[in-house]
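The values are calculated or read from the model by the stated rules, or taken from the named source; none is laboratory data. Keep in mind that what you see is a predicted model, and the values were worked out from it rather than measured. Every residue, glycine among them, receives a Cβ derived from its backbone with ideal geometry; neighbour counts consider all protein chains shown.
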C-alpha cells in the first residue's frame, strides 16, 4: 500500500461507519493515516475498523452520540492520548423528509442536535487541543442544501446552512492559532441514508429534472475532496465551501423541449 500525504498523521472522523464517512476513512487509510472513528452504530463501526485494519492501518473506534458533550469529550480525550489529532473530519449527520408544517419538536431537535450542535461539540473539543499546538485542519460536512432550500427538509436545510456559517466563523477565529477550517457541500449522493429516504423511482425523476450530469454522485467522488482540504495542497484555503453537486446549483436544467431545439 502506498503511503503519502497522511503517513502517521492522526485523523479523527465522525460518522465513519457507513456512506461518505466510510469512504473518507478508506481514502485516508490508503494514504497511511492513523484513524480514530466515531459513530453511534457499533456494529457498522466494528466492521469498518476490521476492514481498515486488514490493510495494515492503525484504527480505533468510539461508539458515541456526538450530541452528548460528555461522550464527545471522553472519546476525544482517549483519541488524543494515542497520538495528537492532526485532522478532524466532521462528517456525522442525519436526515429525514418531513414537510415544514408537519415537523414535530423532537424531529427538529434531533436533526439540529446531530448535524449542528454535535458538530460544534466535536469541533470545539478538538480545536481546543489543536490551538495549544498552533496547528490543525478541520473539514466540516455541509451540503448543497445549506445553500438553497429543498421541499420537505426545513430542519436538515437549516442545520446545513448553520454548518456553513459555523465553518466561516471558525475559520476567522482560528486562523491566528494555525487552524484551517473548510467545508464540503455535496449534492445528491447515493448513500445508504439516501436509499432509506428515497425510492429508486424518486431518484431517477430527481436526477432527470435537476442534475445536469444526469446521475447521482458516489461517495468515492466526494471523499477525495476531504483529503485535498485536509492536506498541505490546500494550505492557503480556509473558510471555503466546496460544492460537488453534478451542476445542480449552476442553474435550472433545460427540459427536453429546449434540448431538442438545441439539437443536443
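Restricting region 130-139 to residues that are in contact with a strand residue (DSSP E or B) (Cβ under 8 Å, 6 or more places away or on another chain) and without any contact (Cβ under 8 Å) to a residue 60 or more places away in the chain, which is surrounded by the most Cβ atoms within 10 Å (Cβ to Cβ)?
138
Evaluate region 100-114: report whether one residue or more is closer than 20 Å to residue 20 by Cβ and buried (at least 21 other Cβ atoms within 10 Å of the Cβ).
Looking through region 100-114, at least one residue is closer than 20 Å to residue 20 by Cβ and buried (at least 21 other Cβ atoms within 10 Å of the Cβ).
When only residues in region 247-264 that are touching a helix residue (DSSP H, G or I) at 6+ places or on another chain (Cβ under 8 Å) and assigned to a loop (DSSP other than H, G, I, E, B) count, which is modelled with the lowest pLDDT?
Looking at the filtered set, the residue picked out is 254.
When residues of region 204-239 are filtered for being touching a residue at least 60 places away in the same chain (Cβ under 8 Å) and part of a loop (DSSP other than H, G, I, E, B), how many remain?
3
Here is a yes/no grid of residues against (1) in a loop (DSSP other than H, G, I, E, B); (2) in contact with a helix residue (DSSP H, G or I) (Cβ under 7 Å, 6 or more places away or on another chain); (3) at pLDDT 95 or above:
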residue: 62; (1), (2), (3): no, yes, yes
residue: 67; (1), (2), (3): yes, yes, yes
residue: 75; (1), (2), (3): no, no, yes
residue: 88; (1), (2), (3): no, yes, yes
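Identify the residue in region 140-164 that is free of Cβ contacts under 8 Å to residues at least 24 places away in the same chain and under 15 Å from the mean Cα position of the chain (by Cα) and, among all such residues, is surrounded by the fewest Cβ atoms within 10 Å (Cβ to Cβ).
Once the filter is applied, the top-ranked residue is 161.
Kindly list the number of the only condition in (1) surrounded by fewer than 16 Cβ atoms within 10 Å (Cβ to Cβ); (2) out of contact with any helix residue (DSSP H, G or I) (no Cβ under 7 Å at 6 or more places or on another chain); (3) in contact (Cβ under 8 Å) with a residue 12 or more places away in the chain; (4) closer than 29 Å to residue 173 by Cα that fails for residue 84.
The one condition residue 84 does not meet is (2).
Go through (1) buried (at least 22 other Cβ atoms within 10 Å of the Cβ); (2) closer than 16 Å to residue 13 by Cα for residue 167 and report which single condition fails.
Condition not satisfied by residue 167: (2).
Evaluate the following for residue 201: is it surrounded by fewer than 20 Cβ atoms within 10 Å (Cβ to Cβ), free of Cβ contacts under 8 Å to residues at least 60 places away in the same chain and more than 29 Å from residue 30 (Cβ to Cβ)?
Judged against the criteria, residue 201 is a match.
Taking into account only those residues within region 40-60 that are in contact with a strand residue (DSSP E or B) (Cβ under 7 Å, 6 or more places away or on another chain) and either surrounded by fewer than 16 Cβ atoms within 10 Å (Cβ to Cβ) or within 17 Å of residue 223 (Cβ to Cβ) (or both), which is modelled with the lowest pLDDT?
57
Regarding residue 16, is this residue assigned to a loop (DSSP other than H, G, I, E, B), in contact (Cβ under 8 Å) with a residue 40 or more places away in the chain and closer than 18 Å to residue 123 by Cα?
Here the answer is yes, as residue 16 does meet what is asked.
Hey, can you tell me all the residues within region 19-54 that are outside any helix (DSSP H, G or I) and closer than 24 Å to residue 229 by Cα?
31, 32, 33, 34, 35, 36, 37, 38, 39
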